[in-house]
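Structure first, commentary second.
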Amino acid sequence: MSHDAFHPDLHPHLPLRHVAAGDLDAGTAQTPGMRRLAAVSAAVGSEGLWMGQTHVGPQMQSGDHHHGEAETAIYVVSGHPEFVFLDEQTGEEVRLRPEPGDYVFVPPWTPHREENNHPDVEAVVVIARNTQEAIVVNLPSLRG
């Protein structure tokens, strides 16, 4: 099947939606120690995608959590976030230290937390999930 064939009667479409930076929605699932803001969600008509921002202040860390069945893609906008999870084989904490412009993939059900150990600079990332809601399951520890 060709993806370049388009006929308006066969492919009805909805208008594009512009979500301005000042219109991001803080009324989404949250984890202590960080702030999530929704941009693309059911509120703008999405049926299978969630996208937004996460902010972690200087010398702060989020609580441990996972995102259920959702896959999460992260793009580092600014700052120096660290992503912490447990190595399944050793039980030791592993730290990813991406730089601005880097990406991180978080598989479904993987407990993790975000940290910002910089003394002055907020860490800002853009996150996208293959669900239309921000699934967040807060945990007492990385071990669940």
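Tabulated values for the structure
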| quantity | calculated |
| --- | --- |
| Dipole moment magnitude, nearest 20 debye, the range 26-132 about Cα centre, only Lys, Arg, Asp, Glu C-beta charged | 380 debye |
| Protection-proxy order for peptides 16-24, 58-66, each taking the mean of Cβ atoms within 10 Å per residue, highest first | 58-66, 16-24 |
| Order by protection proxy (mean Cβ within 10 Å, highest first), peptides 74-83, 131-140 | 74-83, 131-140 |
| Of 53, 80, 90, farthest towards positive along the dipole that unit charges on Lys, Arg, Asp, Glu beta carbons give the range 26-132 | 53 |
| For the chain, the fraction of alpha-carbon pairs in successive 10 Å shells from zero, as % | 11, 38, 31, 12, 7, 1 |
| Residues 13, 67, 118 arranged by fewest to most Cβ contacts within 10 Å | 13, 118, 67 |
| Global form of the range 47-105, assessed from the alpha-carbon gyration tensor, a/c cut-off 1.5 | oblate |
| Exposure proxy order (Cβ contacts within 10 Å, fewest to most) of 90, 54, 28 | 90, 28, 54 |
| Nearest-0.05 FRET efficiency for residue 90 and residue 29, computed from C-beta distance (R0 22 Å) | 0.15 |
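Since every read-out is calculated from the coordinates, none of them should be taken as a lab result. Not measured: the values here are computed from a predicted model. Because the Cβ atoms are built from the backbone with ideal geometry, glycine has one as well, and the counts that use them run over all protein chains shown.
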